[in-house]
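Structure first, commentary second.
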Amino acid sequence: MNRFLVVLFLLALTQLAKAQSSCNTVNGEITDTNANCMAEPKELYITIYKLGLCTTPPAAPTASTAIEFSRCAIIFENSSGARVRIIKGIPTKLDGVVKRPSNGTYSYSFAVLSPYSEIKTILRFDQDRQNYPAAGQTATSGRVCWSRAGRFYSNRIGHISDLVDCGSNVGSSYGFTTQVSNALGADGSGNGDVSRDFGVLTGYLVQSNYKLATSIPNDIGTIDKLVAVIPMTTPLTVTRATKGMDFSASISTGAMIEMNNLSTTIESFGQGQLLPIFTLY
């Protein structure tokens, strides 16, 4: 049997709550106002528990039934979670157990992830933007905006406050913003579907036993993991001649700009869409 080498570089994860498009840019400066859009992040951290391939989509979990992976092959696993740093052009090998899938044709992939992700980015705009400061915090404005330390929940009440600063140059507050996925459906539910360029992605927020979890705004609730099920644009066929697989991602839309409806006000930079790419050799 041929040796099966899997080199896992990056992960695909999509923010399900809101389907957004790429930001419009002119001369490298973002022109969008009043509507969230996607841009390229500087740096992103996510934690991966499992990656796999499926012949059919896994059976959806319920409050009493765990998600069912019987028609899936696990290609990577780390029970403690592998924390991965994602930066454009820099490959990362995952720390965990890599497994060869059985020969066959796979039409879906899946990822089991932590609901926590960290994003760090700097973005330039075509006009002054301002942050949305919390009470007692400093209001800032300028054509350069950056992420600052803080945490926000997908399912939240009110505005995200003080997670962005803006100015003429990047300031000392530049840091990681932590996004907690505690809702995927637009209605705040624990699952959701969203259409992307590569098809309809489905996500589930589950407990440690892989049954559907529950949450409340600004709280993690019973959520332990996020499961994303991703359709292949072209089915992936593994044969005896297959020696290995590269798994990478396009991060051009990996950061979501959360804009307030107050014209040019920005609330936060969250995780956006990372397009998965599988290559056999």
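The values are calculated or read from the model by the stated rules, or taken from the named source; none is laboratory data. Just so it is clear, the structure is predicted and the values come from calculations on it, not from any experiment. As a convention, Cβ positions derive from the backbone with ideal geometry for all residues, glycine included, and neighbour counts pool all protein chains shown. We work out accessible area using only protein heavy atoms, side chains counted, and drop any ligands, DNA or RNA first. Shrake-Rupley method; radii C 1.70, N 1.55, O 1.52, S 1.80 Å.
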### Query
Which of the residues belonging to the stretch 98-133 are open to solvent by 30 Å² or more (accessible area, probe 1.4 Å), modelled with pLDDT under 90 and either of a type outside the set (D, E, K, R) or farther than 23 Å from ALA59 by Cα (or both)?
VAL98, TYR132, PRO133
### Message
Could you go through the stretch 237-256 and let me know if any residue there is at pLDDT 85 or above and either under 18 Å from SER21 (Cβ atoms) or open to solvent by less than 30 Å² (accessible area, probe 1.4 Å) (or both).
### Response
yes
### Task
Might you let me know whether the stretch 211-218 holds any residue that is modelled with pLDDT of 80 or more, open to solvent by 20 Å² or more (accessible area, probe 1.4 Å) and within 29 Å of THR140 (Cβ to Cβ)?
yes
### Message
Checking the structure you have, find out if any residue of the stretch 33-42 is basic (Lys, Arg), touching a residue at least 60 places away in the same chain (Cβ under 8 Å) and outside any strand (DSSP E or B).
### Response
yes
### Task
Give the number of residues within the stretch 199-222 that are touching a residue at least 60 places away in the same chain (Cβ under 8 Å) and either part of a loop (DSSP other than H, G, I, E, B) or of a type in the set (Ser, Thr, Tyr) (or both).
12
### Complete set of residues in the stretch 67-86 that are open to solvent by 30 Å² or more (accessible area, probe 1.4 Å), farther than 22 Å from SER208 by Cβ and in contact (Cβ under 8 Å) with a residue 24 or more places away in the chain
ARG85
### Task
Return the total of residues in the stretch 221-234 being at pLDDT 90 or above, surrounded by fewer than 21 Cβ atoms within 10 Å (Cβ to Cβ) and of a type in the set (A, V, I, L, M, F, W, C).
0
